[in-house]
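Worksheet for the structure shown next.
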Amino acid sequence: MSRYTNAFLIMLPIAGCILWYLLKVFQFQTSPEQYPDGMVILQLSRGWLEGRPLLFDTIYGNHALQHNYYLIPLAGIFTKPMGVYGLFMAYVCLVGVFFWKYYRSLPDFNALESRASWLTVLCYVFGPMAYFMYLDYFGWHPEQYLIPLLALLALSLGQRKWGMSLVWLSLAFLVKESAIVLICCLLLFCSVVDLVLRNPGKPVLSYLLNRKNVTITGISLTLFALGLWWLSHLNGPQTSRLAQAFAKVQFNMTFVYYVLFSGMVGLLTFGLGLIPFVPWLRTFSRKRLIIGLLAGCYLVLFVMFAVESLYYFPTIYPGISYPPRISGLWAFMFGAFLFLSHRFPLSGMLRGQNAMSWTLAGCVLQFVMAPFLVAHHFTFESRPARLSANVSYMMKTRLGLNPYPDGIANELHDLAGKLPPGSEVIVPFQHIRYFENVYPSFWDYGGKYPLHVLGKPLLYVYERDLVKSGFYRTFPGSDYRIIPNEHLLILADPGWYKLHFK
């Protein structure tokens, strides 16, 4: 029975990775959302491999002016052959690497400890909180990679594998300019936990104020300042994104609601993330120190993400609960748990009783609270007719390998497949996903020509009804050829047209 139980537990993360990948495939193909940020990240990941400027996209232009997204070009290894699905594949590969390494570390512990820790980690990675974060209703953001990267960093630190720790730390640092603050908080937590385990009887301040922690904090603050300086340098005399965020703050009731909502989300998320620590800390004499340290580091991260979200004020929903931000808070709590749960038993500390009960209770609470804590545009669909339609779509598309089987979506996707790599097209916003293998721009408000087109578009796509109403301001030269379509006016570059529509 034990052997079958272990085999089942081992299969869970494999099944989770497969389901996680398919979830994003079907979300991208079937959801009414257009996922513009996902299309942006796709372009940033592979544009440099197709001769385009580094970190340039057709929606925002030079994205390096907004964020230090220097990890994303590495994802081009996946997105160059797989398109947008490569972003999801890169994530599940990192998760798979983490579980493989975590599984190899379990023989250091007894069977009961191993199972409890394994289930707890599964709840962190595939639980309801992680599910809603992973949905990311704007498509995809580099911050998603912080969960597996910080998990790998914490595990390597717990195993004293300094070389691999440096690798995962470097990759996490490249995710975004704010990632170094997350790394700093995790390193400080690991440092203090090690000091407490080595000598639990010292004064509290000696664990916090020492040369090692000062060095970690000093280097991290320097790197954080350099990252912000680099963004300021690239932007030149323009107002910084941080200054724009603070300029939007108005001390009115909306701001009060924003603070209250953010505080509630942050507090409840901290509570959910803390539950797996309880069995360990109940038997530990310095538990108040550990909880206080966790709360202090979490508060620093909360304030950072809350300030970052002011850029979208007075809209409250894309605040601290926005998946790229709340996933950073979750990644810190997960990384801290991994380190503590690895170092405690190696130091002779025993987990308290009912560890499984705490894990299951935490997972149940996630089911109840996650839909309220993580911003999303997703509703559970239980109607038999809709479920039947979803199953039918999966069968018809061969699990997403042959997407968009009919309608305008099929026509545009087939048309996009004939375009050479690096092509640019201009399309209505609702159709950009069908051109994920090239570089789509969408018509600006009022039918204006997009601002960030680098070359000569091979296709101009218009909605016929809007053409008749005079909505569009720009049309190409008269030599462009019309590709017949019932609902759209599609104008094609004459040279490319002759190759495919003789």
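Name the single residue that is farthest from Arg198 (Cα to Cα) among those in region 334-353 being loosely packed, with under 13 Cβ neighbours inside 10 Å and of a type outside the set (Gly, Ala, Ser).
Out of the qualifying residues, it is Gln353.
Val249 is checked against (1) under 30 Å from Ser170 (Cβ atoms); (2) surrounded by 13 or more Cβ atoms within 10 Å (Cβ to Cβ); (3) among the aliphatic types (A, V, I, L, M); (4) at pLDDT below 90 and fails just one. What number does that condition carry?
(1)
Go through (1) more than 14 Å from Val427 (Cβ to Cβ); (2) in contact with a Ser or Thr (Cβ under 8 Å, 6 or more places away or on another chain); (3) not small (Gly, Ala, Ser) for Pro450 and report which single condition fails.
(1) is the only condition that Pro450 fails.
Given the criteria in contact (Cβ under 8 Å) with a residue 40 or more places away in the chain, open to solvent by 50 Å² or more (accessible area, probe 1.4 Å) and closer than 26 Å to Thr315 by Cα, does Leu272 qualify?
Considered against the rule, which asks whether it is in contact (Cβ under 8 Å) with a residue 40 or more places away in the chain, open to solvent by 50 Å² or more (accessible area, probe 1.4 Å) and closer than 26 Å to Thr315 by Cα, Leu272 comes out as no.
For the subset of region 478-502 comprising residues that are touching a residue at least 24 places away in the same chain (Cβ under 8 Å) and exposed (fewer than 13 other Cβ atoms within 10 Å of the Cβ), which member is farthest from Val427 (Cα to Cα)?
Among them, the one singled out is His500.
Quick one: which of Phe435, Phe475 is open to solvent by 80 Å² or more (accessible area, probe 1.4 Å), without any contact (Cβ under 8 Å) to a residue 24 or more places away in the chain and closer than 30 Å to Asn62 by Cα?
Phe475
Rundown of residues vs (1) farther than 21 Å from Ala90 by Cβ; (2) surrounded by 15 or more Cβ atoms within 10 Å (Cβ to Cβ); (3) touching a residue at least 60 places away in the same chain (Cβ under 8 Å); (4) touching a Phe, Trp or Tyr at 6+ places or on another chain (Cβ under 6 Å), yes/no style:
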{"position": "Ser2", "(1), (2), (3), (4)": "yes, no, yes, no"}
{"position": "Ala15", "(1), (2), (3), (4)": "no, no, no, no"}
{"position": "Ile41", "(1), (2), (3), (4)": "no, yes, yes, yes"}
{"position": "Leu49", "(1), (2), (3), (4)": "no, no, no, no"}
{"position": "Arg52", "(1), (2), (3), (4)": "no, yes, yes, no"}
{"position": "Asp57", "(1), (2), (3), (4)": "no, yes, yes, no"}
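Given the conditions (1) surrounded by 12 or more Cβ atoms within 10 Å (Cβ to Cβ); (2) under 19 Å from Ile320 (Cα atoms), report the number of the one that Ala243 does not fulfil.
With (1) surrounded by 12 or more Cβ atoms within 10 Å (Cβ to Cβ); (2) under 19 Å from Ile320 (Cα atoms) applied to Ala243, the lone miss is (1).
What's the number of the only condition in (1) part of a loop (DSSP other than H, G, I, E, B); (2) more than 14 Å from the chain's Cα centre (by Cα) that Leu187 fails to meet?
Checking Leu187 against (1) part of a loop (DSSP other than H, G, I, E, B); (2) more than 14 Å from the chain's Cα centre (by Cα), the one that fails is (1).
Against the condition out of contact with any Pro (no Cβ under 6 Å at 6 or more places or on another chain) and either over 30 Å from Leu338 (Cβ atoms) or exposed (fewer than 13 other Cβ atoms within 10 Å of the Cβ) (or both), how does Trp280 come out, does it pass?
no
Looking at (1) more than 30 Å from Trp100 (Cα to Cα); (2) without any contact (Cβ under 8 Å) to a residue 60 or more places away in the chain; (3) in contact with a Ser or Thr (Cβ under 9 Å, 6 or more places away or on another chain), which is the only condition Ile180 fails?
Going through the list (1) more than 30 Å from Trp100 (Cα to Cα); (2) without any contact (Cβ under 8 Å) to a residue 60 or more places away in the chain; (3) in contact with a Ser or Thr (Cβ under 9 Å, 6 or more places away or on another chain), Ile180 breaks only (1).
Restricting attention to region 59-104, which residues are open to solvent by 40 Å² or more (accessible area, probe 1.4 Å) and of a type in the set (Ser, Thr, Tyr)?
Tyr60, Tyr70, Tyr103
If a residue must be touching a Pro at 6+ places or on another chain (Cβ under 6 Å), free of Cβ contacts under 8 Å to residues at least 40 places away in the same chain and among the hydroxyl-bearing types (Ser, Thr, Tyr), how many such residues does region 438-472 contain?
1
Answer yes if at least one residue in region 307-318 is modelled with pLDDT under 90, small (Gly, Ala, Ser) and open to solvent by less than 40 Å² (accessible area, probe 1.4 Å), and no otherwise.
Yes, that holds for at least one residue.
Name the one entry in Gly446, Gly455 that is on the phi > 0 side of the Ramachandran plot, open to solvent by 20 Å² or more (accessible area, probe 1.4 Å) and either in contact with a Phe, Trp or Tyr (Cβ under 6 Å, 6 or more places away or on another chain) or not aromatic (Phe, Trp, Tyr) (or both).
Gly446
What's the number of the only condition in (1) part of a helix (DSSP H, G or I); (2) within 17 Å of the chain's Cα centre (by Cα) that Gly319 fails to meet?
(1)
Kindly list, by first and then second residue, each pair from a residue in region 361-385 that is part of a loop (DSSP other than H, G, I, E, B) to a residue that is loosely packed, with under 14 Cβ neighbours inside 10 Å and modelled with pLDDT under 90, limited to pairs with Cβ atoms under 9 Å and residues at least 6 apart or on different chains.
Correct list of pairs: Ala375/Tyr317; His377/Pro32; Glu381/Leu387; Glu381/Asn390.
Within region 335-346, does at least one residue satisfy the condition of being touching a Pro at 6+ places or on another chain (Cβ under 7 Å) and either part of a loop (DSSP other than H, G, I, E, B) or at pLDDT 80 or above (or both)?
Yes, region 335-346 has at least one match.
Could you please give the count of residues in region 50-105 that are within 30 Å of Ala225 (Cα to Cα) and acidic (Asp, Glu)?
Matching residues across region 50-105 total 1.
Answer yes if at least one residue in region 199-216 is closer than 23 Å to Ala75 by Cβ, touching a helix residue (DSSP H, G or I) at 6+ places or on another chain (Cβ under 8 Å) and open to solvent by 10 Å² or more (accessible area, probe 1.4 Å), and no otherwise.
No, region 199-216 contains no residue that is closer than 23 Å to Ala75 by Cβ, touching a helix residue (DSSP H, G or I) at 6+ places or on another chain (Cβ under 8 Å) and open to solvent by 10 Å² or more (accessible area, probe 1.4 Å).
For region 119-131, indicate whether the set of residues that are of a type in the set (Ser, Thr, Tyr) and free of Cβ contacts under 8 Å to residues at least 60 places away in the same chain is non-empty.
Taking every residue of region 119-131 in turn, none turns out to be of a type in the set (Ser, Thr, Tyr) and free of Cβ contacts under 8 Å to residues at least 60 places away in the same chain.
Is there any pair linking a residue in region 285-303 that is open to solvent by 50 Å² or more (accessible area, probe 1.4 Å) to one that is not in a helix (DSSP H, G or I), with Cβ under 8 Å and at least six apart or on different chains, and which?
Ser285/Pro200
Here is a list of conditions, (1) surrounded by fewer than 17 Cβ atoms within 10 Å (Cβ to Cβ); (2) in contact (Cβ under 8 Å) with a residue 60 or more places away in the chain; (3) of a type outside the set (S, T, N, Q), and Arg160 meets all of them except one; can you say which number that is?
Looking at each condition in turn, Arg160 falls short on (2).
The values are calculated or read from the model by the stated rules, or taken from the named source; none is laboratory data. Quick caveat: nothing in here was measured; it's all calculated off a predicted structure. Glycine gets a Cβ as well: all are built from the backbone with ideal geometry, and neighbour counts include every protein chain shown. Quick note on the areas: whole protein, heavy atoms, side chains included, nothing else; ligands and nucleic acids left out. Shrake-Rupley method; radii C 1.70, N 1.55, O 1.52, S 1.80 Å.
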